[in-house]
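K.L.:
There's a structure below that I have some questions on.
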Amino acid sequence: AGPVESKNEAAMSELVPESRQKPVVPMKPTGINANLLGYIGIDTIIEQMRKKTMKTGFDFNIMVVGQSGLGKSTLVNTLFKSQVSRKSSGWNREEKIPKTVEIKAIGHVIEEGGVKMKLTVIDTPGFGDQINNENCWEPIEKYINEQYEKFLKEEVNIARKKRIPDTRVHCCLYFISPTGHSLRPLDLEFMKHLSKVVNIIPVIAKADTMTLEEKTEFKQRVRKELEVNGIEFYPQKEFDEDLEDKTENDKIRQESMPFAVVGSDKEYQVNGKRVLGRKTPWGIIEVENLTHCEFALLRDFVIRTHLQDLKEVTHNIHYETYRAKRLNDNGGLPPMTVETEENHESNL
C-alpha cells in the first residue's frame, strides 16, 4: 500500500499548479478624462437620450375647441403657467364672433430646467357660435389633415431634413358646456368625426357652476353617452401596451374623464399662501386644490405622465393611418404639384 500511496501523491503534486504572483494593476492614467474610465452600463443610454433631448428640445401642439366663453384661453394659460393663449397675443375681445370657424395657431418656446419645448396653441374661434352649426368641425378636421400632409411631404423628399418640423396636433382639449344635463348633438358629432384623427380629451369647463352632486352625475352621464355612441377619447383602450398601462388608464377612463376643471390666471392670498383661484362672494375657488376642481389631475395627465405618449400615439396611430390611406390612394406617393416638382428637381 505504501508504494501505491506515494505514487498517487506524486501524481497529485504534478497536477497542482504552481502559485504565481498576481500581475500588478496599472495605475489610472492621469491624462485621460476620468469619465471615460468610470461606470459603464446599458442604463447610461438614458443619460445619453436625456442630454440629446435637452439639446434639441421637442414640439408639443395642443388644440382647444369649444364655444366662446367657456374659458379655453384661461385654462391653457393656467395649464402652462404662462401667457401662451390668444388673450395675450393681440386678440381684441371686442372683435365680432367669426362667421365661420377660424384656426389661429400661436407658437411659444418654453424653457424649464434646461429643457426647451416649442409649444403651439391652436385656437378655433367661431366653433359652435352660429345659429346653424352644421359641419362646423370640417375646417378643424381639414387643418389636422393638412398638418399630416405637410409632414408626409417632408418625409418622402429625396433629401429630407434631419429633423422634420412637427406641426401635427398631438392633443385636442374639447370643452363641454357645464349644463348638468347631457351632451349636445354638436358635441357628439364633433367627437365622433375627430376622434378618428386626433387624441381628444373631453373637459367640463367652468365646473364651479355645478354642485358636487351635479358634477358627479354629469361626468357619469357624459361617459355613458360617449360609450353608447361609440366615441373613443384618449387614452384609447386598444393602445394600452401592457398591464400596468391598462390599470393606470382604466382608472383615468372610469373615474377622471371628463375632467371637471376651473381655470384662472389670477392669484389670491389664502392662509398665508399665494394660490391661483377665482374669487366669489362666498369664498375663493382654488384652481390647484383637488377638493375644489380637477385641474391638477388634468395638468398631471397632459404634462407629467402622458405628454410623450400623446406624441407617440399621434405619430404611430393617427399619422400612420393617414399616411397608409394617402399612399394607398395615390399609388405610393403624394401627387406632384408645381411646388413639389420644383423641390424634386432641386433635390436631384
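Read-outs throughout are calculated quantities, based only on the coordinates presented, and are distinct from any laboratory measurement. Just so it is clear, the structure is predicted and the values come from calculations on it, not from any experiment. Don't worry about glycine lacking a Cβ; one is built from the backbone with ideal geometry, like all the others, and counts go over all protein chains shown.
K.L.:
Quick one: if you stick a label point 7 Å off each Cα along the C-beta vector at Asn289 and His315, how many nm between them?
P.N.:
4.1
K.L.:
Let me check I've understood the local charge: for Lys206, count other residues with C-beta under 12 angstrom from its C-beta, Lys and Arg +1, Asp and Glu -1. What total comes out? It would help to have the intermediate numbers written out before the result.
P.N.:
Details: positive: Lys72, Lys215, Arg278; negative: Asp208.
Residues close to Lys206 contribute a combined charge of +2.
K.L.:
Here is a follow-up. Please list, or write none, the lysines whose alpha carbon is within less than 17 Å of the alpha carbon of Lys162, excluding same-chain residues fewer than 8 places away.
P.N.:
Those lysines meeting the cut-off are Lys52, Lys55, Lys150, Lys153.
K.L.:
Considering only the other residues whose Cβ falls under 11 Å of the Cβ of Gly128, what net charge follows from Lys and Arg at +1 and Asp and Glu at -1?
P.N.:
It works out to a net charge of -2.
K.L.:
May I ask for the net charge around Gly66, where only other residues with Cβ less than 13 Å from the Cβ of Gly66 are counted and Lys, Arg are +1 while Asp, Glu are -1?
P.N.:
Neighbourhood net charge equals 0.
K.L.:
Okay, moving on. Going down the list Lys246/Lys325; Lys192/Lys224; Lys116/Lys237; Lys206/Lys237; Lys196/Lys325, which pairs span over 21 Å between their C-alpha atoms?
P.N.:
Lys246/Lys325; Lys116/Lys237; Lys206/Lys237
K.L.:
Grab the Cα-Cα distance for Asp59 and Gln83, subtract it from 0.36 nm times how many residues apart they are, and report the gain in nm with one decimal.
P.N.:
Here the segment from Asp59 to Gln83 would lengthen by 6.9 nm.
K.L.:
Also, quick follow-up: Evaluate the distance, in nm, between pseudo-label points positioned 7 Å from the Cα of Asn330 and of Lys162 along their respective Cα→Cβ axes.
P.N.:
2.8
K.L.:
Ok, one more. Over the stretch 159-237, what is the mean sequence separation of C-alpha contacts under 8 Å (at least six apart), divided by residue count, expressed as relative contact order in percent?
P.N.:
38
K.L.:
Same structure, new question: On a full-extension model of 0.36 nm per residue, what is the gain between Asp43 and Glu146, subtracting their alpha-carbon distance, rounded to one decimal in nm? Display every interim value, and only then the final one.
P.N.:
Numbers: separation 103, 0.36 × 103 = 37.08 nm, distance 3.92 nm.
Between Asp43 and Glu146, full extension yields 33.2 nm more.
K.L.:
Say each of Asp240 and Lys266 gets a label point 7 Å from the Cα, pointing the same way as Cα to Cβ; how far apart are those two points in nm?
P.N.:
Label at Asp240, label at Lys266, 4.2 nm between them.
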